[in-house]
Amino acid sequence: DNTIAPYLGGFAANPMEYAEASKVSLYSLADFLWNMKAYDANSSWDQAIKFLMPKHAKEFHVFCENNIDLGATGHGLRRANESPRFTAALAKYKTALAAKDTTTAINLLRVQFDTLVWAADTLLADVSEPEMTAEITPWVKVMRLVGQRGQLEMTMLDAYRKGDVATFIDS
């Protein structure tokens, strides 16, 4: 909240075991504490991503946007609007399927899954930020697997639509 300054006597941040990945949040925290009144969470988040992975900011943004903690927490805090592009594409996918426009539906989600794989491949090959890359690698690999699985699901749906049994089974 941009109005809490009069109520603060101090502030603590806990990057825990993932110091490099925590820099996204720490950057935003520093931005917030520097000028609370002008702080904009989304702008700060985007700036942090560009600062931390300047050569692969687009790919890192895809990772950050889609790296969602689905577990329950005691504090109940969640970043609003996680995976907005995927969520929007999924809604359009469902609408297209309901309208029996399978080709459009498949293309909508295929782009999302292709983007996950592209971003993951690029980040896994990154040598410009070795500490960050090393730390996020397990989650980037999972993002890649999710993207690959989605690609196969879209291939299967397309094969089913076309009656291509061999491609469906192979996928």
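The values are calculated or read from the model by the stated rules, or taken from the named source; none is laboratory data. Note that this is a predicted model, so its numbers are computed, not measured. No Cβ is skipped: glycine too gets one built from the backbone with ideal geometry, and neighbour counts run over all protein chains shown. Only protein heavy atoms, including side chains, enter the accessible area calculation; ligands, DNA and RNA are left aside. Shrake-Rupley method; radii C 1.70, N 1.55, O 1.52, S 1.80 Å.
Considering only the stretch 6-20, state which residues are open to solvent by 100 Å² or more (accessible area, probe 1.4 Å) and either in contact with a Gly (Cβ under 9 Å, 6 or more places away or on another chain) or among the aliphatic types (A, V, I, L, M) (or both). Answer for the stretch 6-20, where residues must be open to solvent by 100 Å² or more (accessible area, probe 1.4 Å) and either in contact with a Gly (Cβ under 9 Å, 6 or more places away or on another chain) or among the aliphatic types (A, V, I, L, M) (or both): just 16.
Please enumerate the residues belonging to the stretch 148-171 that are touching a residue at least 12 places away in the same chain (Cβ under 8 Å) and open to solvent by less than 60 Å² (accessible area, probe 1.4 Å). The answer is 148, 150, 151, 154, 155, 156, 157, 158, 159, 167, 171.
Selection of the stretch 147-166 for residues being charged (D, E, K, R) and part of a helix (DSSP H, G or I) yields 149, 153, 158, 161, 162. When the stretch 1-42 is limited to residues that are touching a Ser or Thr at 6+ places or on another chain (Cβ under 8 Å), hydrophobic (A, V, I, L, M, F, W, C) and in a helix (DSSP H, G or I), the one that is nearest to residue 65 (Cα to Cα) turns out to be 41. So, in the stretch 21-67, of the ones that are at pLDDT 95 or above and among the aliphatic types (A, V, I, L, M), which residue ends up nearest to residue 147 (Cα to Cα)? For the stretch 21-67, the residue satisfying everything is 62. Within the stretch 29-58, residues that are touching a residue at least 40 places away in the same chain (Cβ under 8 Å) reach partners that are part of a loop (DSSP other than H, G, I, E, B) and surrounded by 15 or more Cβ atoms within 10 Å (Cβ to Cβ) with beta carbons closer than 6 Å, at six or more positions or on different chains, in the pairs 53/129; 56/126. Within the stretch 70-95, residues that are on the phi > 0 side of the Ramachandran plot and among the small types (Gly, Ala, Ser) have Cβ atoms under 7 Å from residues that are open to solvent by less than 100 Å² (accessible area, probe 1.4 Å) and modelled with pLDDT of 85 or more in these pairs: 83/65; 83/66, counting only partners at least 6 apart in sequence or on another chain. Listed by first and then second residue, the pairs with beta-carbon distance under 7 Å, at least 6 apart or on different chains, first residue in the stretch 103-128 and among the basic types (Lys, Arg), second part of a helix (DSSP H, G or I), are 110/151; 110/154. Give the residues of the stretch 120-141 that are open to solvent by 80 Å² or more (accessible area, probe 1.4 Å) and under 24 Å from residue 90 (Cα atoms), sorted by residue number. 139, 141 - these are the residues of the stretch 120-141 that are open to solvent by 80 Å² or more (accessible area, probe 1.4 Å) and under 24 Å from residue 90 (Cα atoms). Inspection of the stretch 88-109 identifies no residue that is within 20 Å of residue 24 (Cβ to Cβ), open to solvent by less than 60 Å² (accessible area, probe 1.4 Å) and modelled with pLDDT under 95.
When the stretch 37-69 is limited to residues that are more than 17 Å from residue 26 (Cα to Cα) and among the β-branched types (Val, Ile, Thr), the one that is most open to solvent (accessible area, probe 1.4 Å) turns out to be 68.
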